[in-house]
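Before any comments, here is the structure.
Please treat every number below as a calculation from the coordinates, not as lab data. Small disclaimer: the values here were computed from a predicted structure and weren't measured. Neighbour counts are summed over all protein chains in view; Cβ atoms, including those assigned to glycine, are modelled from backbone coordinates with ideal geometry.
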Amino acid sequence: MSAANQISASVRPVDVAVETRPLPRLLAGLTVVTILGVIAGLYMALVYAGTDIDQGDVQRLFYIHMPAFFGAFLAFGATVIGGIMYLRTRHEKWDVLAVSGVEIGMAFAIINLVTGSIWARPIWNTWWTWDPRLTSEAIMVLTYAAYMMLRNGIENPEQRRRFSAVYGILAFVTVIVTLVIIRIRPDTIHPAVIGASPQNAQGTFELQATPGVSAALGVNMLVWGLLLPVTLLWYRIRLENFALHVDALKARLLER
Amino acid sequence: MTAPDAIIQTHALVKAFGLQPVLRRLDLSINRGDYVALLSPNGGGKSTLLRLLAGLSKPTSGRITVGGWELPAEAAAVRAQIGMVSHKVLLYENLSARENLRFFARLYNLPRAEAEARIETLLKRVGLARRQHDLVRTYSRGMQQRLSIARALLHDPHVLLFDEPYTGLDQDASRALDELLAEAHDEGHTIVMATHDLNRAATLASRVVILARGAVGFDRPSAELTPASLAAAYSEVTGMVTAR
Amino acid sequence: MKTPFLHSVASIVRKDLLVELRSRELITSMALFALLSILIFSFALELDRIAREEAIAGVLWVTVVFASVLGLNRSMAMERDQGNLDAMLLAPIDRSAIFAGKLAGNLVFSLVVGLALLPLMTVLYNRSLLEGWLLVVLLLGATGFSTVGTLLATMTVQTRARESLLPIVMLPIALPVLLAAVRASTSILTGSPFEDWIAWPQILLVLDVIYLVLCFLLFEFVIEE
C-alpha cells in the first residue's frame, strides 16, 4: 500500500491539492479590484465620456466591444501557452489552463459579437453582415466550439489532453486571422481602431475625440482586456482543480 | 545492475494513463537469446510494456534501454533492431503479400536487391510463397498472422515483440505460429511474448514473467515449471484463477 | 541508422497510390460524392447566368472540401484499422516523414477530384473554368485544407466518434483557407481586375505556410502516447 501511495504521489500533480485550499488572498484582492474596475469602467463609458456627435449613445458600446476582444485574445492566448506547456511537460495543470482559456475566451468573444451587433444595427442598418472581419470572428467562435466537441468526444483522459492541446494551438490561427484581416483586406467595412480605418469603413471608432474618450477606453481596456479575463480564468482553473481533486479522491477510493 | 548479456533493461519504469498508473516502478532485465512469456491479467500492463519497449509509447518516468540504446532519446536506433507482431496484423489489406513486404523494406531502408532476396526467403519460410501475389484481404487470419511475422523479421531485428499473437487463430494456425517462434528463437532472436496462454508460456518459452500490480510479481526459468505449477503460481500472484 | 526523409516520404506516397490503384475505394467515393454534390447544387440553386458566375466558385470549393473530408477519413482509417500506423511508427523513420507522406497522398486525391471537376462544371454550368490562375488557387487551397485535414484526421480516427468528428473539427480551422480560395476564384471567374484579387492568393500562400509549419510540428503529438 505504501508503494502504491508513493506512485500515486509521483503521478498525481502535487499542486492540484494546493489550488483546492480556501480562496487565496491574492485572488480575493483581485476579485475586489476587478469588481471595482468593472463599475468604474461602466461609469467612464456611460457617464464620463462625452456623447459621440455622429453616432449618439450607441457609440458607448465600443468601450466594451473592443476591450472584450482583447479579453478573448488573452484567454485564447492562455490556451496556446497551456497547450505548448502541456505537450512539453505532460503536466495536467497546463491542460486545466488551456480548457479554462477556451471557455473564458468564448464568453468574451460572444460579448464582443453581441455588442458589435447591437452597434451595427443603427450604424450599418443591419445586425450582421458577411464582412471579412465579422466572418472570421464567427469562424473563430466556431473553432473553439469545435474544441469543446473534440474534448467531449475523447474518453481516454491522456489522449483528451494531448489532442486538446494540439487543437488549441492550431485554433489560435483563426484568432490571428480575425485580428489582422482588416490590415490585409481593404474591402472590410469594419473600422480599424488603431491607425487609419479602411477607406470604405462605415461608422468610425476613431479616437479623435475628447480626452474623456481615451480615458474611458483606457480604463475599460485594463478591466475587460486584462483584469476580468485573468480573474475569471483563475476562478475557472480553481473549479477545474476541484473537479480533478474529486476525481483523484474517487480513484484513490477505488484503489483500496 | 547491468548484466553483461542484458539486451532489454527497464529501471523504475512508470507509465500512467491519466490517474491510473499501469506500470509502477517496473524493473526488468532480459538477456540476449531469452524467450520470455509475459503474463498478466487483462489491463495488467503487458501490452503497455511492449509498446514502451517498441518506442510506440513514452514512459511517464523511469529508464528503458534496448541493446544499449536509451529510449525515447535514441528511438530510431532502437526501432531498427525491434520487430513487433500484435493481435492486429499491421498489414495493408489491399496490397499483396509481396507489396506489403516491399513497402516495409523501403521504410527500413533495405537495399533493393537484398530486400528482394530476403522477401523471397521469408515468404517461403512462412509458407506464403505460392500466394504472394494475392491481396492480403483474401488471406485467412492465420496466413495474415504469418505474413505479419515475416514483416517483423524483414530487417532481421535482434528483439521480437509479440503482443497476444495467438488471438483469433485456430489450432493449426497456432501450431504453425509455435514453430515459427521456436525457429526464430533458435536463430538467436530475443523474444518477448505477451500472452494469456499459460500452457504455451510454460512449454515454449525459456522464462516466464508475471506482472502484478504494475511490477514483476513472478520471474522464473520455465525449466523449473510445469503448466500446473505455473497456473498455481499465477493465481497466487495475480489473485485470478485463469490468465483470461 | 535512420531511413532518409525523402526516401520514407516517397515510399509512403507510393504505397498509398498503389493501395488506391488496387481498391479504388477513395477516388470512387470522392468522385461519386462530387458528382452528386454538383448535381444537387445545380438544381437547388436554379442559377441564371449571372448568379451562376457568382456562385460557381462556391459550389466548386464546397464540393472539393467535402469530398476531401471523405477521402481523409478513408485514408487515415486504413492506417488505423489494421494498426498500420503503428507499423509505420515502428520503422526507423522520422515522424514528420509519415505526415509528409500522408499529406502528399491526400493532396493528390483532392487535386484529382478538383481537376476533374473543372471540365465537368465547364460543361454543366456553361462557363469555362479552365483558367491558369484558378489552377494556382486550387493548388494553394487544396494544400491548406489537406494539411490541417491530415493532422486532424489522424486525431479523429483515434477517437470514438471517428468519421463524424472530422468535419466538425476540420472545417472551422480550414475556413480561412476556404474563404480566401472562394473569394479569389469568384473574382477570377467574374473577370475582376488582377490588382483587386491578387491579395487573396497571397493570403492563401501565407495561411498554407503557417498551417504547414504548425502541423509538421504538432503531428508528433497526435501519434505518440
The summed charge of the residue C:201 Cβ neighbourhood (under 11 Å; Lys/Arg +1, Asp/Glu -1) stands at 0
Expected unfolding gain across residue A:148-residue A:129 under the 0.36 nm per residue rule, minus the alpha-carbon gap, is 4.2 nm
Partner shielding of C:158-169, taken as the mean number of other chain Cβ atoms within 10 Å, equals 4
Nearest-0.05 FRET efficiency for residue A:57 and residue C:196 at R0 = 51 Å, using Cβ-Cβ distance, is 0.85
Violations at 25 Å Cα threshold for listed pairs A:93/A:250; A:93/B:46; B:46/B:124; B:124/C:15; A:93/C:2 -> A:93/B:46; B:46/B:124; A:93/C:2
Computed for the protein assembly as shown: size of charge dipole around the Cα centre, +1 on C-beta of each Lys and Arg, -1 on C-beta of each Asp and Glu, debye to nearest 20, value 1040
Taking the alpha-carbon centre of each part, the distance from segment B:114-180 to segment C:1-23 in Å is 22
Given A:26-33, A:99-106, A:128-135, C:105-112, the highest-first ranking by average Cβ count within 10 Å works out to A:99-106, C:105-112, A:128-135, A:26-33
Quick calc, residue B:215 & residue A:46: beta-carbon distance into FRET formula, R0 56 Å, rounding 0.05, result 0.25
In segment C:5-224, taking the dipole from +1 charges on Lys and Arg beta carbons and -1 charges on Asp and Glu beta carbons about the Cα centre, the listed residue (C:18, C:203, C:105) farthest towards the positive end is C:18
Here the Kirkwood hydrodynamic radius of chain B, Cα-based and in Å, equals 18.4
Rounded to one decimal in nm, the spacing of the 7 Å Cα→Cβ label points at residue A:252 and residue B:58 is 2.8
Here the residues of segment B:190-215 lying in the modelled label zone of residue B:229, meaning backbone nitrogen under 18 Å from a point 7 Å along Cα-to-Cβ, are B:198-210
Taking Lys and Arg as +1 and Asp and Glu as -1, residues besides residue B:8 with C-beta under 10 Å from its C-beta add up to 0
Per residue convex hull volume, Cα only, segment B:90-156, in Å³ is 71
Amide H contacts under 5 Å for residue C:158, restricted to residues at least 5 apart in sequence or on another chain and with H modeled in the peptide plane, are none
Taking a crude spin-label model, label points 7 Å out from Cα along the C-beta direction, the residue C:22 to residue A:33 distance in nm is 6.5
Taking Cα pairs closer than 8 Å and at least 6 residues apart, the relative contact order of chain C in percent is 26
Final fewest-first order of C:192, B:40, A:117 on the 10 Å Cβ neighbour count is C:192, A:117, B:40
Shielding of B:88-97 by other chains, given as the mean Cβ count within 10 Å, works out to 6
Restricting to Cα pairs under 8 Å and 6 or more apart, the percent relative contact order of chain B works out to 27
Partner shielding of C:4-11, taken as the mean number of other chain Cβ atoms within 10 Å, equals 2
Expressed in µm² per second, the diffusion coefficient of segment B:1-109 from the Stokes-Einstein equation, with Rh the Kirkwood radius over alpha carbon pairs, at 4 °C and 1.567 mPa s, is 84
Protection proxy (average C-beta count within 10 Å per residue), highest first, orders C:135-147, C:26-38, C:78-90 as C:135-147, C:78-90, C:26-38
Measuring from its Cα centre, segment B:1-93 shows a charge dipole (+1 at each Lys and Arg Cβ, -1 at each Asp and Glu Cβ) which, in debye to the nearest 20, is 280
Taking Cα pairs closer than 8 Å and at least 6 residues apart, the relative contact order of segment B:1-133 in percent is 20
re segment C:5-224: pairs of Cα atoms spaced beyond 21 Å account for a percent value of 54
Taking the protein assembly as shown and counting helices only, DSSP H stretches of n ≥ 4 at -39,500 (n - 2.57) each over all residues, the nearest-500 ellipticity at 222 nm comes to -21500 deg cm²/dmol
When C:15, C:2, B:124 are arranged by how many other beta-carbons sit within 10 Å of their Cβ, fewest first, they go B:124, C:2, C:15
To the nearest 10 degrees, the tilt of helix C:5-23 (Cα long axis) against the first principal axis of the alpha carbons of chain C is 70
log10 I(q)/I(0) for the protein assembly as shown, Debye formula on C-alpha points only (no solvent), q = 0.08 Å⁻¹, two decimals, reads -0.76
For chain C, the dipole about the Cα centre with charges only on Cβ (Lys and Arg +1, Asp and Glu -1), to the nearest 20 debye, works out at 400
Rounded to the nearest 10 degrees, the helix C:199-223 long axis (Cα) sits at an angle to the longest Cα principal axis of chain C of 20
